[in-house]
Amino acid sequence: MNKTIETILNHRSIRSFTERLLTKEEIRLLVESAQSASTSSYIQAYSIIGVDDQSKKRELAALAGHQPYVEKNGHLFVFCADLYRHHKMAMEKGEDIKESLEGTETFMVSVIDAALAAQNMSIAAESMGLGICYIGGIRNALNEVSEILETPEYVLPLFGLVVGHPANPSAKKPRLPLEHIYHENTYQVDEADIHKHLNAYDETISNYYHNRTNGKRADKWTEQITQSLKQPKRTYMHEFVKEKGFNKR
């Protein structure tokens, strides 16, 4: 096993950082690593907004559910689906690409591009001894987030990524069994097999929480996720995405 795979397999979210900020050189290296990710048809339909203004970080932390690590970290990156530059360059050339920009396929391309770039950055950061945590909570209030970050039409903030020097590294959280994730040739729908793997995973996760909390928690994954999905979240999202110029067609 090589160092890259060891880094990937050792991933865990970090939610407590020292006060040490990332250097300009570290930030540049992380962004360059993100840019080296695959991009669909070379479109590069994303942008990254780095936030080091403490007042802005404080506002974003409040909007993201008062998560303290959104404010206190080495650096905050916000990944955005971005078709603004594509819109502008087409206008300069006298071309109308609006129908393409507003299509579902291009929306998916922009989201996928941003996610690939973010994961490249995450692996690079962890290989440097830094910790990371994705922040989906910024989607709690994208109107306000867009105002804080001053994002124009065709730019959609998707998630944050906090990076920094870990203060209290957390334990690695077990993932679903490989057999439940990986299918060969066709999607396998074996109800008994699914039930068996989920029961085994529930036991693994229950033990994980029990050990982590000294017996205060013993959640089962299936119960935790089912409860989480009972109530739809961020139901404003559909209309907001269209308002930003995405996924209209």
Among Ser127, Ser40, Ser122, Ser36, the single one that is at pLDDT 95 or above and within 16 Å of Leu158 (Cα to Cα) is Ser122
Only one of (1) in contact (Cβ under 8 Å) with a residue 40 or more places away in the chain; (2) surrounded by fewer than 16 Cβ atoms within 10 Å (Cβ to Cβ); (3) over 18 Å from the mean Cα position of the chain (by Cα); (4) closer than 21 Å to Ile148 by Cβ does not apply to Ile43, and that is (4)
Among residues of the stretch 152-173 being of a type in the set (A, V, I, L, M) and at pLDDT 95 or above, the residue surrounded by the fewest Cβ atoms within 10 Å (Cβ to Cβ) is Ala167
Restricting the stretch 212-241 to residues that are in contact (Cβ under 8 Å) with a residue 24 or more places away in the chain and not aromatic (Phe, Trp, Tyr), the one farthest from Asp82 (Cα to Cα) turns out to be Arg212
Of Glu99, Glu126, Glu105, the only residue that is among the acidic types (Asp, Glu) and surrounded by 17 or more Cβ atoms within 10 Å (Cβ to Cβ) is Glu126
Among Lys242, Lys220, Lys216, Lys196, the single one that is exposed (fewer than 12 other Cβ atoms within 10 Å of the Cβ) and of a type in the set (Lys, Arg) is Lys216
Exactly one of Asn199, Asn207, Asn185 is farther than 30 Å from Thr23 by Cα, modelled with pLDDT of 95 or more and not assigned by TED's automatic domain parsing to the domain that holds Ala125, and that residue is Asn185
Does at least one position in the stretch 45-59 carry a residue that is touching a strand residue (DSSP E or B) at 6+ places or on another chain (Cβ under 9 Å), more than 24 Å from Ile112 (Cβ to Cβ), assigned by TED's automatic domain parsing to the domain that holds Leu130 and not acidic (Asp, Glu)? yes
Go through the residues of the stretch 26-34 one by one and say whether even a single one is more than 14 Å from Ser122 (Cα to Cα) and crowded, with 20+ Cβ neighbours inside 10 Å.
no
Going by the conditions given, is Tyr154 of a type outside the set (Asp, Glu), in contact with a Gly (Cβ under 6 Å, 6 or more places away or on another chain) and under 25 Å from Phe246 (Cα atoms)?
-> yes
For the stretch 82-97, pairs from a residue that is closer than 17 Å to Met108 by Cβ to a residue that is among the β-branched types (Val, Ile, Thr), with Cβ under 6 Å and 6 or more apart or across chains, are Asp82/Val155
- Item | Some residue of the stretch 135-151 being part of a loop (DSSP other than H, G, I, E, B) and either touching a Phe, Trp or Tyr at 6+ places or on another chain (Cβ under 8 Å) or surrounded by 19 or more Cβ atoms within 10 Å (Cβ to Cβ) (or both) | yes
Okay, helices (runs of 4 or more DSSP H) sitting entirely in the stretch 1-63 with 3 or more residues that are more than 20 Å from Gly131 (Cα to Cα) and in contact with a helix residue (DSSP H, G or I) (Cβ under 6 Å, 6 or more places away or on another chain), I get 54-63
If we keep only residues of the stretch 174-193 that are hydrophobic (A, V, I, L, M, F, W, C) and within 25 Å of Ile14 (Cα to Cα), then the residue surrounded by the most Cβ atoms within 10 Å (Cβ to Cβ) is Leu176
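The values are calculated or read from the model by the stated rules, or taken from the named source; none is laboratory data. Everything quoted here is computed from the prediction, not taken from an experiment. Cβ sites come from the backbone with ideal geometry, for glycine too, and all protein chains shown count toward neighbours.
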